[in-house]
Amino acid sequence: MTALAAILMLTTQAQAQTQPPFQGKIGRTLADSTEAWPAPVRAPAGAPNIVWILLDDVGYGAASAFGGGISTPRLEELAQQGLRYTNFHTTAICAPTRAALLTGRNSSSVHVAGFSHHSLAAGFPGWDGYLPSQAGTIAEILRDNGYSTFAVGKYGVTPDEDATDAGPFDRWPTGKGFDHFFGFLGSQTDQYKPDLVEDQAHVTPDGRHLSEQITDKAISFIDRQQHAAPARTGLGAPPPAPTKPFFLYYAPGATHAPHQVPDDWRDRYRGKFDAGWDVYRQQVFAQQKKLGVIPANAVLPDRDPGIKPWAKLSPDERKLYARFMEVYAGYLGYTDAQIGRLVDHLKKINQFDNTLFVVVIGDNGASKEGTLNGDIDRSLTAPALPEKENLAYNLAHIDQIGTPEGVEANYPLGWAQATNTPFRCWKQDANCEGGTRNPLIVSYPKAISARGVRQQYGHVIDILPTTLELAKITPPDTIRGIAQQPIEGTSLAYSIDDAAAASRHRTQYYYIFGARAIYQDGWKASLAAPNPLIAGASIGADHGTPAWRLYNLDQDPTERVDLAGKNPAKLAELQALFDKEAQAHNLYPLVTWQDVGNRRRQPVQQESAH
């Protein structure tokens, strides 16, 4: 009876929120009655359109907007008319980053410490992969504040068992506040034969590159919304509402594997990387210093000892590895051009100046999943080939890199480290800045006049509260009658007009399947973890038994000098803080890559709520 009463109460609350009590008078005839129309939900006066752009698997040192060696003029354009945040962080892998971004809460606080895939989840509150209704998304908040809401591209946080046309659809994008969705629900898809969904059904792709398709669809969603007749006609109809602002979540599969790109982009970088990854790192590091997007006291770490010097590679290795990077560069450049199409359209329809752009260049650092020799079409979890045999195989298939036939194409670790310049390690490495630090651009032509670099510490959970503050929207206590968990991010709006403001986000934990870190006020303690499930992916982790390390990031932003031996008290303090944060955010039990490989997932238990 208590449970039934609670359900009825929630139902009543939801009805009350969506249909407020009637304020008129009801008589027996119209003549002795008084009409009262529900007030339409409208966004705050002058509210901006909002465009979030989230790229995939892009390292800090890839895009020219942050000093990288790959030309991204449209990202540069957005950066030059806004702000570049250089101390911004993700979670080190895709699904936790996306869950944290969409909700403004830490990933384990919203059940996505791992993934929404069965094999990478576990039956615990921080790990089951089910975004709870108590952690409403940015789309739900904006929808209930008068916005049209659209998402295109990669979603990544729909549980596997829900991802069929039979539903349930409450954890599809349309069940999480988006009016329309066009993209894929999983973590990776073929860019020419994607597992494509529109709204609540799978659809047949048209053969073009997915990034082109999602950009077309985003433009069509916006145009349809802008051109819709606002007035309702009929007896006693309310006055027309003004044009609604829109929220667009633009999240291409790029540049996650497979690196596939149209023919006319595949060869634009021919010969540009023949000098190799060691030269690339030095050149990018110098350009980053020139732009001011890395601290003046930063020192470039040595090349990881597991990666060969470019000068010692054979001619065949150089030919192969340069080709991998040429295609990757074309892929990122092509993605930049698709973003440019979207920007140009907003200018054409006079919506650009009143649009808040938030651009996160990568949901984690550059990918280690191409392993030492790169990959073209072999499954990520396939048994590893001996190096000589793997090189021969890749050379025999070199012409497939970047084509529709290159269904797993991904560059080798040497280039992943290079595109993570100036940081150590890669994607998955929650212990390293190379896994967790990504460029952030914030631009709002109508309202943000400040320009330049911002060095305040930030995390992906900060984007939602930043967006709401700039849109003048108060975070709701309830959404459709459901009480909401506190938002855990810290708005970065304070830093927009004050480059010297002290960081307000002072503490942050990180954890990805064993790899972990804890940050507080410039200090960071970290522990590496190998990934035995991917051949060669443990390069960059501590050799031998991993040990906790301690860094002062203010003095050593690229994590070169381990202070654990010199300052054991600070290390112990931070280890205790990690435990406190893990308990507060449902991170325990700590599931590792070894656990993923060893355990046998129990059948999914259908529950009434999560």
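The values are calculated or read from the model by the stated rules, or taken from the named source; none is laboratory data. Treat the numbers as computed from the prediction; the structure is a model and nothing was measured. Because the Cβ atoms are built from the backbone with ideal geometry, glycine has one as well, and the counts that use them run over all protein chains shown. For accessibility, only protein heavy atoms count, side chains too; no ligands or nucleic acids. Shrake-Rupley method; radii C 1.70, N 1.55, O 1.52, S 1.80 Å.
Overview of results
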read-out: Residue check for G330: closer than 22 Å to G365 by Cβ, open to solvent by less than 10 Å² (accessible area, probe 1.4 Å) and in contact with a strand residue (DSSP E or B) (Cβ under 6 Å, 6 or more places away or on another chain); value: no
read-out: Of the criteria (1) in a helix (DSSP H, G or I); (2) open to solvent by 10 Å² or more (accessible area, probe 1.4 Å); (3) β-branched (V, I, T), which one I141 fails; value: (2)
read-out: Residue among D199, D206, D216, D274 that alone is at pLDDT 95 or above, open to solvent by 40 Å² or more (accessible area, probe 1.4 Å) and more than 28 Å from the chain's Cα centre (by Cα); value: D274
read-out: Subset of the stretch 81-108 (residues that are open to solvent by 10 Å² or more (accessible area, probe 1.4 Å) and part of a helix (DSSP H, G or I)); value: S107
read-out: Residues within the stretch 152-168 that are open to solvent by 30 Å² or more (accessible area, probe 1.4 Å) and at positive phi, tallied; value: 0
read-out: Test: residue in the stretch 358-371 that is touching a Pro at 6+ places or on another chain (Cβ under 9 Å), polar (S, T, N, Q) and not in a loop (DSSP other than H, G, I, E, B); value: no
read-out: Checking F423 against (1) surrounded by fewer than 24 Cβ atoms within 10 Å (Cβ to Cβ); (2) touching a residue at least 40 places away in the same chain (Cβ under 8 Å), the condition it does not meet; value: (1)
read-out: Residue check, K244 more than 22 Å from G406 (Cα to Cα), at pLDDT below 95 and open to solvent by 40 Å² or more (accessible area, probe 1.4 Å); value: yes
read-out: Residues satisfying the stated conditions in the stretch 342-357, i.e. open to solvent by less than 10 Å² (accessible area, probe 1.4 Å) and assigned to a helix (DSSP H, G or I); value: L342, V343, L346
read-out: Within the stretch 391-415, considering residues that are open to solvent by less than 10 Å² (accessible area, probe 1.4 Å) and in a helix (DSSP H, G or I), the one farthest from G61 (Cα to Cα); value: N394
read-out: Residue that is least open to solvent (accessible area, probe 1.4 Å) [pool: residues in the stretch 375-390 that are in contact with a helix residue (DSSP H, G or I) (Cβ under 9 Å, 6 or more places away or on another chain) and part of a loop (DSSP other than H, G, I, E, B)]; value: I376
read-out: R171, sole failed condition from (1) crowded, with 20+ Cβ neighbours inside 10 Å; (2) not in a loop (DSSP other than H, G, I, E, B); value: (2)
read-out: Qualifying residues in the stretch 436-491 (those that are in a helix (DSSP H, G or I) and β-branched (V, I, T)) - the one surrounded by the most Cβ atoms within 10 Å (Cβ to Cβ); value: T436
read-out: The one condition in (1) farther than 30 Å from G333 by Cβ; (2) part of a strand (DSSP E or B) that A500 fails to fulfil; value: (2)
read-out: Among residues of the stretch 246-290, those that are in a strand (DSSP E or B) and small (G, A, S), counted; value: 1
read-out: Boolean, A298 is more than 20 Å from P412 (Cβ to Cβ), part of a helix (DSSP H, G or I) and open to solvent by less than 40 Å² (accessible area, probe 1.4 Å); value: no
read-out: Single unsatisfied condition, D195 versus (1) in contact (Cβ under 8 Å) with a residue 24 or more places away in the chain; (2) touching a Phe, Trp or Tyr at 6+ places or on another chain (Cβ under 6 Å); (3) under 25 Å from D263 (Cβ atoms); value: (1)
read-out: Selected residue (criterion: most open to solvent (accessible area, probe 1.4 Å)) from residues of the stretch 185-195 that are within 21 Å of W265 (Cβ to Cβ) and in contact with a Gly (Cβ under 8 Å, 6 or more places away or on another chain); value: Q188
read-out: Residue match in the stretch 587-607 (condition: in contact with a Phe, Trp or Tyr (Cβ under 8 Å, 6 or more places away or on another chain), modelled with pLDDT of 95 or more, surrounded by 19 or more Cβ atoms within 10 Å (Cβ to Cβ) and closer than 17 Å to A525 by Cβ); value: yes
read-out: Qualifying residue in the stretch 146-162 (condition: more than 25 Å from G435 (Cα to Cα), modelled with pLDDT of 95 or more, assigned to a loop (DSSP other than H, G, I, E, B) and of a type outside the set (A, V, I, L, M)); value: yes
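Here is a yes/no grid of residues against (1) within 26 Å of T478 (Cβ to Cβ); (2) in a loop (DSSP other than H, G, I, E, B); (3) at pLDDT below 50; (4) open to solvent by 90 Å² or more (accessible area, probe 1.4 Å):
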{"site": "A5", "(1), (2), (3), (4)": "yes, no, yes, no"}
{"site": "Q13", "(1), (2), (3), (4)": "yes, no, yes, no"}
{"site": "A16", "(1), (2), (3), (4)": "yes, no, yes, no"}
{"site": "F22", "(1), (2), (3), (4)": "yes, yes, no, yes"}
{"site": "V51", "(1), (2), (3), (4)": "no, no, no, no"}
{"site": "G61", "(1), (2), (3), (4)": "no, yes, no, no"}
